[in-house]
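Colleague: Before we start, here is the structure in question, set down as structure tokens.
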Amino acid sequence: MGRPLTAFLRSLLYAAIFYPVTAVLCVVGVIASLFGRKPMLAIVLGWVDFHHALARHVLGIEVRVAGTIPRGCNIIAVKHQSMFETLEMVRLTNLPVIVLKKELADLPLFGFLTGRYGHIAVERSAGTKALRALVEEGRKAAESGRSVLIYPEGTRVRPGETPPLRSGFAAMYRALGFPVIPVAVDSGRLWGRGFVHRSGVITFKVGETIPPGLPRKEVEARVHAAINALESGPEVSA
């Protein structure tokens, strides 16, 4: 059996398991949230652990983490190439508040659950208004004692692409006064925008902690370099 066919069959099995289970867990999570935040968080952690195991045993994707993500209140700035890291980073961190696009926050059930979990919804087309809302919600997250997880490029990019950081990152950094933990990811080599996901190793490389209070150009340059530390050029198809 050829590698492309094997990857397709694995991806088909993954989808057949992951999406129905996710739908069920969304309903269970809504019910659990009626009994407080802790039961709902247990559902979230169970979901991301389930996805990690499914990716490993069905898709053949191993995760390698280079470095350690410190505890405490931080801004965790992550490269974004696929859906994979959006779930895996919740597993690897201590339940951070997540910055996500408003379209996801508006989804039935899922949006309700992410709201209960703790999210900062960003309307990317709203300009200055969106920045003010981002900062205000970020300050509320800071008061809760949780880190904030942000994808500073603003959207998924293909391997080899290194766009500038969106202005929301600098606004959040200035307002919160948190250190920044940059994380590079190379998930796009295996998990592209299409249906088929390939087996292999996805690396999360934790960069050096960046202190608060730096000038905007300096912090953006340091974060940009750190989250792109695994970039080696465009993806080559198998």
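Taken together, the values in this text are just the output of simple stated rules run on the coordinates, not laboratory data. Quick caveat, the model's predicted, so the values are computed rather than measured. Glycine also receives a Cβ, built like all others from the backbone with ideal geometry; neighbour counts cover every protein chain displayed.
Colleague: Kyte-Doolittle cut-off 1.0, length cut-off 18 Å along the helix's own axis using Cα: show which whole DSSP H helices in the chain pass.
Modeller: 3-33
Colleague: Report, by chain and number, residues whose modeled amide H sits under 5 Å from the one on E231, excluding near sequence neighbours (fewer than 5 apart, same chain).
Modeller: none
Colleague: Next question, about the same structure. Springs between alpha-carbon pairs under 10 angstrom, Gaussian network model over the chain: which of V180, V63, V135 fluctuates most?
Modeller: Greatest mean-square fluctuation among the candidates belongs to V63.
Colleague: If you don't mind, there's one more thing I want to ask. List every residue whose amide H lies under 5 Å from the amide H of V122, counting only residues 5 or more places away in sequence or on a different chain, with H placed 1.01 Å from N in the peptide plane.
Modeller: Under 5 Å from the amide H of V122 lie the amide H atoms of L100, K101, K102, each far enough along the sequence or on another chain.
Colleague: Right, another one. Counting other Cβ atoms within 10 Å, which chymotrypsin sites (Phe, Trp or Tyr not before Pro) in the stretch 126-223 have at most 11 and lie in a DSSP loop?
Modeller: Numbers: sites: F169, Y173, W191, F195, F204; in loops: F195.
Of the chymotrypsin sites (Phe, Trp or Tyr not before Pro), the ones in loops of the stretch 126-223 whose Cβ has at most 11 other Cβ atoms within 10 Å are F195.
Colleague: Moving on. Take each of the peptides 143-153, 68-78, average the number of other beta-carbon atoms within 10 Å over its residues, and list them starting from the highest.
Modeller: Ranked by mean Cβ neighbours within 10 Å, highest first: 143-153, 68-78.
Colleague: Dipole of the stretch 133-190, Cα-centred, from +1 at each Lys and Arg C-beta and -1 at each Asp and Glu C-beta, to the nearest 20 debye? Walk me through the intermediate numbers first.
Modeller: Working: 8 positive and 6 negative charges, 8 e Å.
Here the size comes out at about 40 debye.
Colleague: Using a ≥ b ≥ c from the Cα gyration tensor of the stretch 62-227 (square roots of the eigenvalues), is it rounded, prolate or oblate, where a/c under 1.5 gives rounded and otherwise the larger of a/b and b/c decides, a/b for prolate? Write down the numbers at each step before the final one.
Modeller: Values: a/c = 1.44, a/b = 1.17, b/c = 1.23.
It comes out rounded by the Cα gyration axes.
Colleague: Could you rank the peptides 223-229, 205-211, 182-188 by their average count of other C-beta atoms within 10 Å per residue, with the highest value first? Let's see the in-between values first.
Modeller: On the way: 223-229: 19.7, 205-211: 16.3, 182-188: 23.9.
Ranked by mean Cβ neighbours within 10 Å, highest first: 182-188, 223-229, 205-211.
Colleague: May I pose another question? Rounded to the nearest 20 debye, what is the charge dipole size of the chain about its Cα centre when +1 sits on each Lys and Arg Cβ and -1 on each Asp and Glu Cβ?
Modeller: Computed charge dipole of the chain: roughly 160 debye.
Colleague: How far is it, in nm, from the label point at E62 to the one at V28 when both lie 7 Å from their Cα along the line to the Cβ?
Modeller: Label at E62, label at V28, 2.9 nm between them.
Colleague: Return the loop-located chymotrypsin sites (Phe, Trp or Tyr not before Pro) in the stretch 1-96 (DSSP other than H, G, I, E, B) with at most 14 other Cβ atoms within 10 Å of their own Cβ; answer none if there are none.
Modeller: F35
Colleague: Pairs of lysines 8 or more apart, or on different chains, with alpha carbons under 18 Å: count those in the stretch 62-227, would you?
Modeller: Taking the Cα cut-off of 18 Å, the pair count is 7.
Colleague: Where does the charge balance sit around L165 when Lys and Arg score +1, Asp and Glu -1, over other residues with C-beta under 12 Å from its C-beta?
Modeller: So the surrounding residues net to +3.
Colleague: Counting only residues 5 or more places away or on other chains, whose amide H sits under 5 Å from the amide H of V157 once H atoms are built in the peptide plane?
Modeller: H80, Q81
Colleague: Also: Find the centroid of the Cα atoms in the stretch 39-73 and in the stretch 90-167, then give the distance between the two in whole Å.
Modeller: 19 Å
Colleague: Summing Lys, Arg as +1 and Asp, Glu as -1, what charge do residues with Cβ under 14 Å from the Cβ of V183 carry, V183 excluded?
Modeller: Local net charge: -1.
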